[in-house]
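Written out below as structure tokens is the structure these notes cover.
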Amino acid sequence: MTGSEDSGPVDDEDQEDVVEHVVHDVRDEIRQGHVTDDVSHVLEERLHEVGVDLRPERLDDLAEDIENDVST
């Protein structure tokens, strides 16, 4: 990432950028066949790895958006 691992909690704007980046990566990996697990679970793990914890409802919404996008 951009070094935010060393700078403590991310602010809201940075968090949204991180979320967008992770969502993009997960979407690409699904399209390439690299992700076969539950999208919500994968997304939650990836976001947790970069220090972002979202409400379960937000995670589910993002996962649903990803699933809808890759199925079209």
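The values are calculated or read from the model by the stated rules, or taken from the named source; none is laboratory data. Keep in mind that this is a model prediction, so the values were computed, not measured. So basically every Cβ, Gly included, is an ideal-geometry build from the backbone, and we count neighbours across all protein chains shown. Quick note on the areas: whole protein, heavy atoms, side chains included, nothing else; ligands and nucleic acids left out. Shrake-Rupley method; radii C 1.70, N 1.55, O 1.52, S 1.80 Å.
Filtering segment 34-48 to residues that are open to solvent by less than 50 Å² (accessible area, probe 1.4 Å) and either in contact with an Asp or Glu (Cβ under 7 Å, 6 or more places away or on another chain) or farther than 13 Å from Glu67 by Cα (or both) leaves Val35, Val39, Ser40, Leu47. Within segment 7-18, residues that are under 13 Å from Leu54 (Cα atoms) and of a type in the set (S, T, N, Q) have Cβ atoms under 7 Å from residues that are at pLDDT 80 or above and not in a helix (DSSP H, G or I) in these pairs: Gln15/Val52, counting only partners at least 6 apart in sequence or on another chain.
Scanning segment 37-69 for residues that are in a helix (DSSP H, G or I), in contact (Cβ under 8 Å) with a residue 40 or more places away in the chain and hydrophobic (A, V, I, L, M, F, W, C) turns up Leu62, Ile66. Filtering segment 1-27 to residues that are open to solvent by less than 90 Å² (accessible area, probe 1.4 Å), among the acidic types (Asp, Glu) and either part of a loop (DSSP other than H, G, I, E, B) or at pLDDT 95 or above (or both) leaves Asp11, Asp25.
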